[in-house]
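The values are calculated or read from the model by the stated rules, or taken from the named source; none is laboratory data. Since this is a predicted model, take the numbers as computed values, not measurements. Because the Cβ atoms are built from the backbone with ideal geometry, glycine has one as well, and the counts that use them run over all protein chains shown. All accessible areas refer to the heavy atoms of the entire protein, side chains included, with ligands and DNA or RNA removed. Shrake-Rupley method; radii C 1.70, N 1.55, O 1.52, S 1.80 Å.
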Amino acid sequence: MNYLNRSIEINPSNEYVSVSRINTYIGCPRKYYFNYVAKAEKESYPAALIFGSAAHSVIEAVYRRIKNHEPDVIEEELKDITSAQFNKQLESAYNETEQISFPNKSGQQDAQQMKDKLINTLVTWFDHSRMPDEVLAIEGKFRAEITDPKTGEIKSRHLFGVVDAITQRQGTTILEEHKTSARKWT
């Protein structure tokens, strides 16, 4: 079956399981409760979320241009889009709380330093990444059958997910997910 061309409602209640939710629960079930069940007001908003959300929005904008066969983004335009998206995410964070928690690391201790770091990160991504030949979907939904590895039995439940983009690169369909992380991957 070709699930890439189907519209799939992942969960009508808009509740979902994500890596962040699972890691929060594993790390601290009480924090999970306050964040996702009680939806308690936050004392502060992590600057890393502003950084990641803005990066995601910029990459989406670049991919949307490719998808719509619009002119390529140039570096100065990328910087402007990144600055605008960072400011938008920062404003949204201040609408949720009065305190933004910036890392106590050189070059990341305030909003301007974080914005500059984001601009540099995305310019590096843009300069060193080969853009897809075609973008088939942005925030693409997918469904995969779950097979028992021992018996080969196809389970009645499916795995549903959303990826940042579904692209074509040299004739191959790719599910793309872009992440920002302060820590090195193991």
(request) Output the number of residues of the range 162-182 satisfying the condition of being open to solvent by 70 Å² or more (accessible area, probe 1.4 Å), in contact with a strand residue (DSSP E or B) (Cβ under 8 Å, 6 or more places away or on another chain), touching a residue at least 24 places away in the same chain (Cβ under 8 Å) and not in a strand (DSSP E or B). (result) 0
(request) Collect the residues in the range 3-52 that are modelled with pLDDT under 80, more than 23 Å from SER92 (Cβ to Cβ) and open to solvent by 100 Å² or more (accessible area, probe 1.4 Å), keeping them in residue-number order. (result) ASN5, ARG6, SER7, GLU9, PRO12, VAL17
(request) Working carefully through the options ILE146, ILE119, find the one that is modelled with pLDDT under 95 and hydrophobic (A, V, I, L, M, F, W, C). (result) ILE146
(message) So, GLY107, is that one over 30 Å from ALA40 (Cβ atoms), out of contact with any Phe, Trp or Tyr (no Cβ under 9 Å at 6 or more places or on another chain), open to solvent by less than 40 Å² (accessible area, probe 1.4 Å) and touching a residue at least 60 places away in the same chain (Cβ under 8 Å) or not?
(response) no
(request) Could you tell me whether LYS115 is open to solvent by less than 50 Å² (accessible area, probe 1.4 Å), in contact (Cβ under 8 Å) with a residue 24 or more places away in the chain, within 16 Å of HIS56 (Cβ to Cβ) and basic (Lys, Arg)? (result) yes
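So that you can scan it fast, the table gives a plain yes or no per residue for (1) among the hydroxyl-bearing types (Ser, Thr, Tyr); (2) over 25 Å from ILE166 (Cα atoms); (3) touching a His at 6+ places or on another chain (Cβ under 8 Å):
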residue: PHE86; (1), (2), (3): no, no, no
residue: THR97; (1), (2), (3): yes, yes, no
residue: GLN108; (1), (2), (3): no, yes, no
residue: GLN113; (1), (2), (3): no, yes, no
residue: ASP116; (1), (2), (3): no, yes, no
residue: ILE119; (1), (2), (3): no, no, no
residue: MET131; (1), (2), (3): no, no, no
residue: GLU134; (1), (2), (3): no, no, no
residue: GLY140; (1), (2), (3): no, no, no
(request) Go through the residues of the range 93-114 one by one and say whether even a single one is in a loop (DSSP other than H, G, I, E, B) and within 19 Å of the chain's Cα centre (by Cα). (result) no
